[in-house]
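The values are calculated or read from the model by the stated rules, or taken from the named source; none is laboratory data. Note that this is a predicted model, so its numbers are computed, not measured. Virtual Cβ from ideal backbone geometry, glycine too; neighbours counted across all protein chains shown.
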Amino acid sequence: MNSSPTPDPLLLPHEADGIKELDNNLPRWWVWLFYLTIIYSVGYLAYYHVLKKGDLQAAEYEKEWKAGEALKSAAIQKFEATLTALTPSSDKQVLSQGMVVYTTYCAPCHRPDGGGLVGPNLCDDYWIHGSNYVDNVKIIINGVPEKGMLTWRGVLKPSEITSVASYIYTFRGTKPPNPKPREDQAPKTTGPSEFE
Ligand code: HEC
């Protein structure tokens, strides 16, 4: 727009594709904000990098991670203290959560139907580490790393462990095709856990 006959004194002598620039002063509030950021940066530098009073990102992360781990291991300990009183759940929601966990983490080794592959058959009456629900829960928590059964402590939440254990409990007595042959020493239906 060029309605005034004399050119605007603020107009700078350059243009690009018809776009011109006015040399306005920046608003005072903006300039002051800018100065404030400079002052702030001096304080920031002194606090974090010279006096080293504050935690940098990595240290802060480390702290939060430790706090999180402490929470997690407290929850696991609490859960493990109540282990022996656990019984399998038949709640539909628990079982469907258990199925999701099983399909995601366990089926590759134990087969989706529990018939056994790398891991043993979970459907028959023969158990390597005890047949009780609690024996199963303990094996899931601790694993048998030297035999290829992973340790799920800290990977799965306590609620996921009990739900997947409840889910595999429903395999008992089912007869999937081509099951893995029994790997135990003797059938067991009751009795104390042989795993501690
Ligand atoms: C990498 C393969 C692998 C994965 C994944 C795996 N297991 Fe296992 N599992 C095994 C093996 C191998 C054994 C047998 C350990 C032994 O011989 O002592 C086993 C044993 C078990 C037992 C004890 C069986 C018995 O006869 O006493 C249970 C229960 C079990 N697994 C449940 C699970 C659950 C639940 C998951 C998923 C959270 C899972 N496993 C994931 C390989 C696996």
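Of all the numbered requirements in (1) within 8 Å of the ligand (Cβ to nearest atom); (2) at pLDDT 95 or above; (3) crowded, with 20+ Cβ neighbours inside 10 Å, Gly98 misses one, and that requirement is (1).
Within region 57-65, identify whether any single residue is of a type outside the set (A, V, I, L, M) and surrounded by 13 or more Cβ atoms within 10 Å (Cβ to Cβ), and answer yes or no. No, there is no match, as no residue in region 57-65 is of a type outside the set (A, V, I, L, M) and surrounded by 13 or more Cβ atoms within 10 Å (Cβ to Cβ). Taken over region 1-16, residues that are at pLDDT 70 or above and out of contact with any Asp or Glu (no Cβ under 8 Å at 6 or more places or on another chain) amount to 6. The single condition from (1) among the small types (Gly, Ala, Ser); (2) surrounded by 20 or more Cβ atoms within 10 Å (Cβ to Cβ); (3) closer than 13 Å to Ala165 by Cβ that Gly130 fails is (2).
When region 102-145 is filtered for residues that are in contact (Cβ under 8 Å) with a residue 40 or more places away in the chain, near the ligand (Cβ under 6 Å from one of its atoms) and more than 21 Å from Lys175 (Cβ to Cβ), the ones remaining, listed by number, are Tyr105, His129, Ile139. Residues of region 101-125 that are hydroxyl-bearing (Ser, Thr, Tyr) and surrounded by 13 or more Cβ atoms within 10 Å (Cβ to Cβ): Tyr102, Thr103, Tyr105.
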